[in-house]
Structures are given as structure tokens and as C-alpha cells.
Amino acid sequence: MTNAADMALSKTVSLQHFPSDFAWGTSTAAYQIEGGWDLDGKGPSIWDTFCHSKGRVFEGHTGDVACNSYQLWDEDLKCIQQLGLTHYRLSFSWPRLLPDGTTHFVNPKGVEYYNKVIDDLIANAVVPMVTLNHFDLPQALQDHGGWESPEIADIFDSYAQFCFKTFGDRVKFWITLNEPYVCAKLGYENGILAPGLKEPGTLLYLVGHNMLRAHSRAWHSYNAHFRGLQGGMVSIALNSDWAEPLDPGCSKDVAATQRYMDFTLGWFACPVFGTGDYPKSMRFRIEAKNLELGFTKGQRLPKFSEDEPKPLGTADFFALNYYTSRKVKDASSRPSELSFAGDQGTEAIIDPSWPVSGAYWLAVVPEGLRKLLKYIKETCNNPVIYITENGFSQIGPVKFEDIDRCQFYQDTLQQVSKAITDDGVNVKGYFAWSLLDNLEWSEGFSVRFGLFHVDFSSSELKRTIYRSGEEYAAVIKRYHTYTKLDN
Ligand code: PNW
């Protein structure tokens with residue numbers, strides 16, 4: 001630890017308060033780090049297919065090897081220890097455990113791998129948080145309609161129950177699905193993520209709906225069959241931008257901003273934490289557009305059936321992924337087009353005063369996180385919140401002295417602290433995205449989010465801590481006051 005690093009972030013943040021049992025974590029996702037894409041009986045996922053098809057991912061990068069965490073888990077564990085994390089969020093590769101996605105065949109090597117990861121974490125007093133599916137749907141299920149098919153809810157439920165049964169004696173934090181918004185919108189509306197479909201204004205609502213149905217089923221199964229014995233918690237990770245009106249004095253921009261929040265956070269938060277249905281503005285706008293565009297009443301945005309478990313109340317905490325903010329301008333009088341943006345009638349803008357980090361969409365707005373946390377407190381029934389992802393990316397020549405990322409974490413943690421102490425938001429933990437540089441989806445390895453650098457040009461894939469990693473370790477050391485159990 002450099003003296004300078006020790007001073008900067010940990011001191012400034014120490015002016016604020018974090019509870020002594022606050023969870024300090026990092027997040028990763030299987031496809032982005034594991035590699036071993038066809039090793040030891042793993043089945044292919046839609047991300048294997050996507051990366052293997054030409055022109056989809058930056059310079060043809062793939063997750064075939066990535067950080068090779070499948071074979072280099074011990075190296076990841078050293079990074080986790082070096083940071084002094086109290087929690088680690090990882091995802092299971094569904095097709096590594098169930099090669100065709102169903103419980104008809106279980107891959108013992110997959111079970112062995114995740115057993116080792118979980119056992120090693122616990123032996124090091126690190127609490128695992130497991131996401132059951134972080135974008136990498138088994139290809140075999142995609143071949144039968146994937147998230148578009150209503151049957152996926154049942155199939156996901158069986159997979160989830162298999163995981164609860166196999167790992168739930170040790171895993172107490174479960175996230176069913178990661179970012180249904182991103183999966184539906186980027187996978188089915190603009191096609192930049194797998195499965196790469198471009199069907200604006202239609203498939204994303206169906207896919208989002210089936211993801212909610214799948215999530216609800218799994219939560220209800222846990223609640224009925226596992227909670228009593230295992231005592232864990234289950235949620236769904238929801239991403240959201242924070243939005244503000246471009247012109248706060250313009251009532252149309254103000255209304256458009258509310259619609260933007262409804263179509264982003266509310267799309268999934270309202271059914272689970274709010275009214276049990278999609279936001280009224282979504283129902284209203286999509287219905288109005290249906291009439292204009294020649295759809296019949298009730299098309300596009302599905303209804304929750306009376307005959308199956310309801311989404312309302314199916315989260316034991318709020319899992320929030322926050323990256324960025326937008327200014328919003330009304331666009332409701334533009335000619336109707338069949339698209340998600342057309343349904344919203346909004347235009348989202350990056351304020352020119354906001355610095356943009358390595359990823360083109362990531363304007364750095366730490367104060368947006370505090371405002372979003374307060375908004376969730378007020379609109380979602382004051383839930384316990386874990387920030388399950390938040391981070392800052394680099395692009396171009398690698399900077400080990402990543403001062404701008406250090407500043408980002410410093411500013412962000414100050415905002416989180418203020419949300420807790422000044423706004424009374426019940427934030428229980430923070431997970432930095434990400435432990436390691438990894439495959440940033442369609443941006444390949446060109447965008448780096450890690451607290452550890454990974455040398456993708458050498459076969460050892462050496463991990464080296466960035467300055468920001470050292471500073472994060474110093475913060476954790478300062479705040480994590482309860483002593484770790486000796487194992
Ligand atoms: C999150 N985009 O979502 C994911 O949960 C992570 O897997 C990801 O690495 C992280 O954000 C940083 O991007 C996103 O292409 C995935 O615009 C992709 C995009 C945005 C967010």
C-alpha cells in the first residue's frame with residue numbers, strides 16, 4: 001500500500017460514516033471472467049454463440065478464455081484476499097452446471113468448481129452472493145425460444161431450485177437474474193448484446209415479462225421450500241440510471257423524466273416492490289401507441305396472469321446496479337415509431353459538463369447515485385438496499401496509477417455515505433464492478449473496469465492491482481471493524 005493511496009480515499013471517506021457490518025464487495029459475472037467455454041462438459045451459452053459469430057464483438061474478442069477464472073480461481077481468491085473483501089458477488093454459468101439448461105443432466109465438474117469457489121470464500125470469511133443468470137442463457141434453451149418462450153419460467157425455476165438445493169447450505173444471498181432491463185433492451189431492441197435481435201418495441205416487453213415470471217417462480221420456490229431451512233435471501237438485480245429534466249422549468253421535460261424513470265427502474269421495480277403491475281405510464285403510453293401503430297388493445301406489454309405466482313413482494317432486498325445519469329427532454333410529439341424510445345416519448349442526453357469514462361455511455365455522476373437511492377427509498381417502500389454493481393472504466397493505454405478511478409470511488413462512496421446518514425436510506429453494502437478487468441460484452445477487452453489489471457496479452461493472464469484497488473482495500477480496512485472469524 002502506498003502512503004499516498006492510504007491517505008487519499010480512505011481518509012476522505014472516513015469523514016463519513018459506514019456501519020460496521022456494511023458489506024464491502026466486488027462483482028463479477030461468469031461469462032466475463034471464467035473462460036473454459038467448452039471444458040469439462042460445459043454446454044454453450046448464447047454468449048458463446050454471439051462472440052463466435054463475425055462482427056458482433058470488438059475485434060472478434062470472445063470469452064473462450066477471458067481471465068480463465070475457471071482454471072485460475074486461486075489467483076482470483078488472492079485478489080479477493082488482498083482487497084480484504086467481506087463479500088464477493090459471482091455468477092454461476094447455467095450451462096456449466098446444466099449443459100442443456102435443464103435438470104435432466106447435471107455436469108458434476110460444474111458443481112465441483114462452484115463448490116470449491118464457495119468453500120474457499122467461506123474459509124476466508126468472505127460471504128458469497130450468487131447470481132443465477134448473468135446474461136449467459138444456455139444456447140439449448142435459446143434454440144427453443146429462450147426468454148421469448150413462456151416455458152422458460154418453469155425451466156428457470158427448476159435450475160434455481162437445483163442451485164438452492166446444491167449450494168444453499170452455504171450461499172445465503174441469491175440474485176436470480178442480472179439486469180432484465182439491459183438483457184431485454186440490448187439483446188432484443190438494439191441487438192448489441194446476445195442474442196443480438198433487433199425487433200424494436202416488441203420483443204423486449206415479452207422477454208422482460210418472462211424474466212419477471214421466472215424470477216417470481218424462483219423466489220416463491222425459495223420461500224416455500226428452502227427459506228425455513230437455509231435462511232437466505234433472494235432478489236433480482238435491477239439497473240437504473242438517475243434522470244433529471246433537461247429544463248427543470250419545463251413541465252413537459254419534468255413529465256418526460258418521470259416516464260424515463262418509469263420505463264427504466266419502474267418497469268421491473270414496480271411489479272416487484274410497488275403496485276405489482278407495470279407503471280401506469282407504461283401501460284398508458286404503450287396502449288396509446290398500440291392504437292396509433294395498428295396493434296390491437298393489450299398487445300406488446302403483457303399482463304400478469306391470475307393463475308401464477310405474483311411478482312409483488314418477491315425480493316428480500318433491493319439489488320441495485322447504478323452506473324450513470326441522464327438529462328431528459330420531452331419527445332412525445334415526435335411522429336410515432338415502433339420502439340422503446342418512441343413508447344416513452346423521451347430523449348435522453350448526456351450533460352456536456354459530465355466527464356465520460358471509458359465506456360461511451362458511462363457519464364460519471366456520483367451524486368446521481370445518492371438521488372437514486374433516495375428515490376428507491378421513497379418509491380419502493382424503504383427496502384434494504386445492496387448496491388450490487390457500480391464502477392468506472394478505462395479505455396486505451398493502461399494506467400496503473402488510475403487517479404480518475406480513485407477519484408470516482410472517493411466521490412461515490414461519499415454519496416453513498418450521505419445517503420445513509422443524511423437521507424436515512426437503508427444501504428447495507430457496496431459491490432464495486434469489477435474485481436478484474438474482463439470481457440466487457442460487445443466492447444470485448446477494450447474497456448477495463450477492474451480493480452485488478454489482467455494482462456490479456458500473455459497466457460498467464462497475470463493479475464496486478466491498480467492504485468484504485470489499493471485505495472479500495474484501505475477503505476475496507478478502515479471500516480470493516482468486526483474481526484474475521486478464524487477458520
Ligand atoms: C452491467 N452496455 O450492464 C453488467 O451487469 C455488467 O456485466 C457489465 O460489465 C457492467 O454493467 C459494465 O458495463 C451493462 O453495453 C452491460 O451499454 C452492457 C451495457 C451497459 C450495462
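Structure above, values below:
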{"quantity": "Filter pass, residue 354 being within 10 Å of the ligand (Cβ to nearest atom) and either assigned to a loop (DSSP other than H, G, I, E, B) or open to solvent by less than 50 Å² (accessible area, probe 1.4 Å) (or both)", "calculated": "no"}
{"quantity": "Qualifying residues in the range 1-51 (those that are over 20 Å from residue 440 (Cβ atoms), part of a helix (DSSP H, G or I) and open to solvent by less than 10 Å² (accessible area, probe 1.4 Å)) - the one modelled with the highest pLDDT", "calculated": "9"}
{"quantity": "Residues of the range 392-430 satisfying the condition of being closer than 25 Å to residue 127 by Cα and part of a strand (DSSP E or B)", "calculated": "427, 428, 429, 430"}
{"quantity": "Residue match in the range 91-114 (condition: among the aliphatic types (A, V, I, L, M), more than 16 Å from the ligand (Cβ to nearest atom) and surrounded by fewer than 19 Cβ atoms within 10 Å (Cβ to Cβ))", "calculated": "yes"}
{"quantity": "Hey, residue 66 in contact (Cβ under 8 Å) with a residue 60 or more places away in the chain, in contact with a Gly (Cβ under 8 Å, 6 or more places away or on another chain) and among the aliphatic types (A, V, I, L, M) or not", "calculated": "yes"}
{"quantity": "Some residue of the range 431-454 being over 20 Å from the mean Cα position of the chain (by Cα), outside any loop (DSSP other than H, G, I, E, B) and more than 17 Å from residue 88 (Cα to Cα)", "calculated": "yes"}
{"quantity": "Among (1) open to solvent by 20 Å² or more (accessible area, probe 1.4 Å); (2) assigned to a helix (DSSP H, G or I); (3) of a type in the set (D, E, K, R), the one test that residue 54 misses", "calculated": "(2)"}
{"quantity": "Residues of the range 284-310 that turn out to be loosely packed, with under 14 Cβ neighbours inside 10 Å, over 29 Å from the mean Cα position of the chain (by Cα) and closer than 18 Å to residue 332 by Cβ, as a count", "calculated": "2"}
{"quantity": "Failed item, numbered, when residue 224 is tested on (1) away from the ligand (no atom under 16 Å from the Cβ); (2) among the aliphatic types (A, V, I, L, M); (3) crowded, with 20+ Cβ neighbours inside 10 Å", "calculated": "(3)"}
{"quantity": "Residue within the range 288-308 that is in contact with a Ser or Thr (Cβ under 7 Å, 6 or more places away or on another chain) and assigned to a loop (DSSP other than H, G, I, E, B) present", "calculated": "yes"}
{"quantity": "Unmet criterion (only one of (1) outside any loop (DSSP other than H, G, I, E, B); (2) in contact (Cβ under 8 Å) with a residue 12 or more places away in the chain) for residue 284", "calculated": "(2)"}
{"quantity": "Filtered residues of the range 311-338 (kept if assigned to a loop (DSSP other than H, G, I, E, B), open to solvent by less than 40 Å² (accessible area, probe 1.4 Å), touching a helix residue (DSSP H, G or I) at 6+ places or on another chain (Cβ under 6 Å) and within 22 Å of residue 258 (Cβ to Cβ))", "calculated": "311, 322"}
{"quantity": "Members of the range 395-407 found to be out of contact with any helix residue (DSSP H, G or I) (no Cβ under 7 Å at 6 or more places or on another chain) and open to solvent by less than 30 Å² (accessible area, probe 1.4 Å), listed by number", "calculated": "none"}
{"quantity": "Residue match in the range 260-273 (condition: of a type in the set (Gly, Ala, Ser), assigned to a strand (DSSP E or B) and under 19 Å from residue 327 (Cα atoms))", "calculated": "no"}
{"quantity": "Residue selected from the range 156-190 under the condition among the acidic types (Asp, Glu) and within 16 Å of the ligand (Cβ to nearest atom), by the criterion farthest from residue 144 (Cα to Cα)", "calculated": "179"}
{"quantity": "Positions within the range 121-152 being under 26 Å from residue 74 (Cα atoms) and surrounded by fewer than 18 Cβ atoms within 10 Å (Cβ to Cβ), in sequence order", "calculated": "122, 123, 124, 125"}
{"quantity": "Extreme residue, most open to solvent (accessible area, probe 1.4 Å), among residues of the range 191-200 that are aliphatic (A, V, I, L, M) and more than 9 Å from the ligand (Cβ to nearest atom)", "calculated": "197"}
{"quantity": "Residue match in the range 339-348 (condition: more than 16 Å from the ligand (Cβ to nearest atom), outside any strand (DSSP E or B) and not small (Gly, Ala, Ser))", "calculated": "yes"}
{"quantity": "Subset of the range 438-457 [away from the ligand (no atom under 14 Å from the Cβ) and surrounded by fewer than 22 Cβ atoms within 10 Å (Cβ to Cβ)]", "calculated": "453, 455, 456, 457"}
{"quantity": "Pairs with Cβ under 6 Å, 6+ apart, first in the range 171-186 and within 11 Å of residue 232 (Cβ to Cβ) and open to solvent by 10 Å² or more (accessible area, probe 1.4 Å), second among the small types (Gly, Ala, Ser) and more than 14 Å from the ligand (Cβ to nearest atom)", "calculated": "172/232"}
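The values are calculated or read from the model by the stated rules, or taken from the named source; none is laboratory data. For clarity, every value in this text was computed on a predicted model and none was experimentally measured. Note that each Cβ is placed from the backbone with ideal geometry, even for glycine, and that neighbours are counted across all protein chains shown. Remember, those area values only see protein heavy atoms, side chains included, never the ligands or the DNA or RNA. Shrake-Rupley method; radii C 1.70, N 1.55, O 1.52, S 1.80 Å.
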